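Each value in this text was obtained by applying a stated rule to the coordinates, not by laboratory testing. All values derive from a computational prediction rather than experimental measurement. Reconstructed Cβ throughout: ideal geometry from the backbone, glycine too, with neighbour counts over all protein chains shown.
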Amino acid sequence: MIQLTGLTKRYGERLAVDDLTFTVRPGLVTGFLGPNGAGKTTTMRMILGLDLPTAGTATIDGRAHHELPHPLRTIGSMLEAQAVHPQRTAYKHLLYLAQTNRIPSTRVDEVLHLVGMSEAAGRKAGGFSLGMSQRLGIAAALLGDPPVLLLDEPVNGLDPEGVLWVRTLIRKLATEGRTVLVSSHLMSEMALTADRLVVIGKGRLIAEAEIAEFTEAGAVVLVRTPEATSFAARLELSGAHVKLGDEGELLVSGMTAPDVGRLAAAEGVPLHELAPRRASLEEAFMELTRDAVEYGAAR
């Protein structure tokens, strides 16, 4: 389990992480989401003891990272897959890591096979593609067979087969009872992989919940009617919130589909379509973080 309590990091006048408290539980894949500059990488670095917090704590199974006698046996991580000496072979890179944590050298061959890199074991890391570097980074994270895993953008640079492989692997690791924290900018992938989500923005916690709660919270009722303008006004008067869709449909929140139907019947409004629609994870994420985007495109 990973536990953050009041975790704070300040760089001069800039507050990168602001009083962050949440728990990553075992047996689940927890997606760690936030806009660029939200503080995700800084948070992960503090969990791993690479940055010292200004205040608060980050613990792994009740201990700070520097208190772990053999860290790779407790938490495996991948923050920067290409942070490998370019002249080292894949095998030697993993062997050196294994030796520092008293992990048997036989485990190196096991994880190279697991990530599909047995044939590339003798190749130098400097010649690897981004996808191969990602696989090597995942191998390093799995080297100590740890109960806790922390992966930053693990599918970055992978082809579709590789993405499916990582998704399947992550799900399997969680079903084995491990604690898995994964960050990603790919909302579609998180929707398929994660069981629950932690969303931060500008260093602060925005939401922490099961993934279904995010999409249900952004659910709307889709309405198509030739009297869209007048019916939208009537819906607003009844307490609903109405947005106009890209094709002229009404997207109604704050009112159920049966209530919308009853109102249309009472007003004599013809309906061509009336359907509840759960928001996609991307839509829910954009709605949650719209006020927490540090670097946004001009509109």
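Work through the residues other than residue 236 whose Cβ is under 15 Å from its Cβ and net out their charges, Lys, Arg +1 and Asp, Glu -1. Don't skip to the answer; put the middle values down first.
Working: positive: 234, 243; negative: 227, 259, 267.
Local charge sum for residue 236: -1.
Evaluate the relative contact order of the stretch 2-215 (contact order divided by residue number), counting alpha-carbon pairs under 8 angstrom at least 6 apart; express in whole percent. If you can, show how the numbers build up before the last one.
Working: 429 pairs, mean separation 66.3, N = 214.
Relative contact order, the stretch 2-215: 31 percent.
³J(HN,Hα) across the stretch 191-198 via Karplus (A = 6.51, B = -1.76, C = 1.60, θ = phi - 60°), whole Hz, x for Gly/Pro?
For the stretch 191-198, the Karplus curve yields 4, 8, 9, 7, 8, 9, 10, 10 Hz.
Which value results for Rg/Rh of the chain when Rg is the Cα radius of gyration and Rh the Kirkwood radius based on the inverse mean 1/r? Each step should come with its number before you reach the end.
Values: Rg = 23.4 Å, Rh = 21.5 Å.
When Rh is taken as the Kirkwood radius, the ratio is 1.09.
Out of residues 5 or more away from residue 17 or on other chains, whose amide H comes under 5 Å of its own, with H placed 1.01 Å from N in the peptide plane?
Answer set, sorted by chain and number: 9.
Looking at the chain, which longest stretch skips every one of the GluC sites (Glu not before Pro) that is in a DSSP loop with at most 16 other Cβ atoms within 10 Å, leaving the sites themselves out?
Working: sites that count: 13, 80, 176, 227, 247, 294.
Free of exposed loop sites, the longest segment is 81-175.
Tally Lys and Arg at +1 and Asp and Glu at -1 over the other residues with C-beta under 9 Å from the C-beta of residue 9: what net charge comes out? Mind dumping the intermediate values first?
Values: positive: 10, 45; negative: 18, 51.
Net of charged neighbours comes to 0.
For the stretch 73-203, what D do you get in µm² per second when you plug the Kirkwood radius from alpha-carbon pairs into Stokes-Einstein at 37 °C and 0.692 mPa s? Each step should come with its number before you reach the end.
Values: Rh = 15.1 Å.
Estimated via Stokes-Einstein, D reaches 218 µm²/s.
Given points 7 Å out from each Cα along the Cα-Cβ axis, report the residue 227 to residue 262 separation in nanometres with one decimal.
Going by the 7 Å Cα→Cβ label model, 1.9 nm.
Would you compute, from DSSP H runs of 4+ residues alone, the mean residue ellipticity of the chain at 222 nm, taking -39500 (n - 2.57) per run and dividing by the full residue count, rounded to the nearest 500? List each step's numbers first, then the result.
Working: 10 runs with 101 residues, N = 299.
Helices in the chain give a 222 nm mean residue ellipticity of -10000 deg cm²/dmol.
What is the ratio of the Cα radius of gyration of the stretch 128-198 to 2.2 N^0.38 Å, with N the residue count, to two decimals? Please report the intermediate quantities before stating the final value.
Details: Rg = 11.5 Å, N = 71, 2.2 N^0.38 = 11.1 Å.
Taking the Cα Rg and dividing by 2.2 N^0.38 Å, one obtains 1.04.
Do any trypsin sites (Lys or Arg not before Pro) in the stretch 55-120 lie in a loop, going by DSSP, with at most 14 other beta-carbon atoms within 10 Å of their beta carbon, and if so which? Provide the component values of the computation, followed by the final result.
Details: sites: 63, 73, 88, 92, 102, 107; in loops: 88, 102.
Of the trypsin sites (Lys or Arg not before Pro), the ones in loops of the stretch 55-120 whose Cβ has at most 14 other Cβ atoms within 10 Å are 102.
With springs only between Cα atoms under 10 Å, which of 199, 220, 242 fluctuates most in a Gaussian network model of the chain?
242
What does the charge add up to near residue 193, with Lys and Arg as +1, Asp and Glu as -1, over the other residues with Cβ less than 15 Å from its Cβ? Numbers along the way, then the final one.
Values: positive: 167, 171, 172, 178, 196; negative: 152, 153, 189, 195, 210, 282.
Every neighbour counted, the sum reads -1.
Let's test this: bin the Cα-Cα distances of the stretch 220-277 at 10 Å from zero up to the farthest pair and state each bin's percent.
26, 68, 6
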